[in-house]
Amino acid sequence: MHGAALIVVIVVVFFLAFYLLQRYGDLRRQHWMVLSGTLLSWYLCFLIIFILPLDVSTTIYNQCLLDHPVQPTPVTKAYNKSTDSIQKLCEEPWSYIPDGILPVFWRVVYWTSQFLTWLLLPIMQSYARSGAFSRIGKIKEALIENAIYYGTYLLIFIFLLVYVAVHPKWQLSWSDLQTIGITAANTWGLFLLVLLLGYGLVEIPRSYWLSSSHSYLLAKTYFKVAKMATEKSVAEENLADRMEDVAGVLGYINHNHSLRTCVNTILSKCPTMYQEDMERDMERSGQEQNVSLTERSLIVLHKKVISAVQRHSQTRVQWSILLDKAFHLEDVAKSQNCSRRYFSHSFPSERRLGWIQQLICTPTVEWYWECVVRQSFYRILAVVLCVLSAAVVWSECTFFSLNPVLSLFAVFVHMAEKQQNYVCIETVCFGSILFLCVCVYSTVFRIRVFNYYYLVPRHQTDAYSLQFSGMLLCRLTPPLCLNFLGLIHMDPAISHQDRIQTSYISIMGSMRVLSIISDGFYIYYPMLVLLLCLGTFYRLGSRCLNLLGCTQYISDDDLTSDLVDEGRELIRRERRKRVNAEDRESRRWAWRDCNTLHSATGRSRSGYTEIKDDEGSLVADIKKSVLAFTRRDGEMEEQQSPLLENYSSDDISPNRGTSIFDDV
């Protein structure tokens, strides 16, 4: 059925975007406008990626029909044979989309995404970060904050519009102005796209190659633990300072004050533990506060409280993730030296697996994966990704060559086009776009701009970061798809071929309106990806950030070695804490069972002497076990030494560099 593939893709992509939103965002606490805006932006970007291969195959089929038109002849047997031969030559693809659907679809998707990224999401970002206590106040603050930003763009646009109107050689229509606006947006996106692509093409294959080494992963995790411990302490101190400010304000403003409602709003954003303390110390805090308060000062305090609470929650979750990863890697190192082919976890009670995972991921299967298969699998995957990266770099530097065709992606598509193999065409297109998106989007999801933007799993990403990621994807996806169409020679503005345009290109408009962009920037600027790949390979970005004070994981740096040692010691302490906590929980359950048996024995009748003797012996056994736990408690730190204590620091020393965005 025509259009069935389009409907299936639309449904599947929605669930993919919703899954990512559920992983990073908090569906129950965050505002529905934030969630819907982020979901819509991600959904539209993923739609462009998944449906563009269908547009390519449909365009190739239409080009075949144009190259082999059916000549009008009398209705004869010979004509029927001719028609049959032409139909066999231009076989309709399985995912064929009828004419008129894709242009409307692309127009809705593209302009909706541009409206989100340039207008709605920036205002929603400012609205989410605002500390105002009313909706009108938040909207007013968001508009004022964005007025300066968009005022600059408006002045530039007016200046260019006057220049075009006065210049005698420029005769531009409304469609030409629309194309210029699209070209400007795509040029901005292409500038950022090449930077992220040059990083991802090198870092993703290298990360998989280095991840095949357990010693490297463990050392890098120690490094991250040391850095996260510092961030965690800073976040806790910042939260404590903000809570002191709130406590002072709470004690100064009584229940009849006009600003009491604002203070209650701030108090509701504080953690429950601090709220109870502030209510107990209200009178004392009121005596210490001697300054006059205004609504503006409370708005500033409200904004700081929201940021401090969110930052504290994020660091706490990241700390827990790093601890679990470090414990797991230490368990892997221990299992590698174990004669039994059985993977044992230090804290099995904290593993949260579904019944399907428990059925498949048995201790023996997990041992073979972690100790035997994983290293080879990751290295093979790294080699495959390295080959794909080399193909992308080669094609980016040679896609403008039409005779001979040097772009590898164009070669594969043209070979499949000659054979009318639409499944192969769509597979090559989708695989190529998917790899480009992985290189670019993975950087977007891993990049961290100080404490203002970064995505945290387990529903801990704040509203500002969610919306910022949606803005980035909406600005990067259209130029990424245009760049891919140039790689396969399906963009007439770059290839200068007399071919049918894809529906996506027809919506973008003719780039020939600005020849300096179509014949210059769009062709030569992507070649810069080669230099960026070389810089990423030699970790120039990490070294520069390290010099600026943003500590990065560099193998030949003394500070890195110190942080690795510090992280190892922190993991030892956390392991002892967890072991002691589990022992205390075991003793608590043992005492509970002991008290239960005592009460049951006291209520039993005197005639049942045999049963009482059995119960008494059972109680005695439980008491012995409890005493044994108590005696071991003082020696627990000596017995529970870290699993890798016998390992020398040289065996686990960092040996390679890492991402400039991982630890920023």
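The values are calculated or read from the model by the stated rules, or taken from the named source; none is laboratory data. Note that the structure is predicted; figures quoted are calculated from it, not measured. Backbone-built Cβ (ideal geometry, glycine too); neighbour counts: all protein chains shown. Just so you know, the surface numbers come from the protein's heavy atoms only, side chains and all, with ligands and any DNA or RNA stripped out. Shrake-Rupley method; radii C 1.70, N 1.55, O 1.52, S 1.80 Å.
Before moving on, here are some points about what is shown:
- One residue stands out among those in the stretch 543-583 that are open to solvent by 40 Å² or more (accessible area, probe 1.4 Å) and of a type in the set (Lys, Arg): the one that is modelled with the lowest pLDDT, which is Arg543.
- The stretch 88-110, subset open to solvent by 20 Å² or more (accessible area, probe 1.4 Å), of a type in the set (A, V, I, L, M) and in contact (Cβ under 8 Å) with a residue 24 or more places away in the chain, residue farthest from Thr265 (Cα to Cα): Leu89
- Residue count, the stretch 391-426 (criterion: over 18 Å from Asp67 (Cα atoms), of a type in the set (Phe, Trp, Tyr), touching a Phe, Trp or Tyr at 6+ places or on another chain (Cβ under 9 Å) and outside any loop (DSSP other than H, G, I, E, B)): 1
- With respect to the conditions (1) surrounded by fewer than 22 Cβ atoms within 10 Å (Cβ to Cβ); (2) in contact with a helix residue (DSSP H, G or I) (Cβ under 9 Å, 6 or more places away or on another chain); (3) of a type in the set (Ser, Thr, Tyr), Tyr199 falls short on a single one, namely (1).
- Single residue of the stretch 263-277 satisfying the filter (touching a residue at least 24 places away in the same chain (Cβ under 8 Å) and open to solvent by 20 Å² or more (accessible area, probe 1.4 Å)) that is farthest from Val309 (Cα to Cα): Asp277
- In the stretch 211-247, residue nearest to Asp558 (Cα to Cα) [restricted to those that are buried (at least 20 other Cβ atoms within 10 Å of the Cβ) and more than 30 Å from the chain's Cα centre (by Cα)]: Met243
- Any hit, the stretch 420-433, residues being over 28 Å from Trp42 (Cα atoms) and either hydroxyl-bearing (Ser, Thr, Tyr) or surrounded by 14 or more Cβ atoms within 10 Å (Cβ to Cβ) (or both): yes
- Residues within the stretch 486-519 that are β-branched (Val, Ile, Thr) and modelled with pLDDT of 80 or more, tallied: 5
- Scanning the stretch 10-34 for residues that are open to solvent by less than 30 Å² (accessible area, probe 1.4 Å) and at pLDDT 90 or above turns up Val13, Ala17, Leu21.
- Selection count where residues are in contact with a Phe, Trp or Tyr (Cβ under 7 Å, 6 or more places away or on another chain), closer than 25 Å to Asn264 by Cβ and crowded, with 18+ Cβ neighbours inside 10 Å, scope the stretch 111-150: 4
- Thr179 being open to solvent by 20 Å² or more (accessible area, probe 1.4 Å), at pLDDT below 90 and part of a helix (DSSP H, G or I): no
- If you go through the stretch 295-308 and keep only what is of a type in the set (A, V, I, L, M, F, W, C) and open to solvent by 40 Å² or more (accessible area, probe 1.4 Å), you end up with Val300, Ile306.
- Counting only residues that are touching a Lys or Arg at 6+ places or on another chain (Cβ under 8 Å) and either among the small types (Gly, Ala, Ser) or modelled with pLDDT of 80 or more (or both), the stretch 584-605 holds 1 of them.
- Residue within the stretch 70-88 that is at pLDDT 85 or above and more than 30 Å from Leu35 (Cα to Cα) present: no
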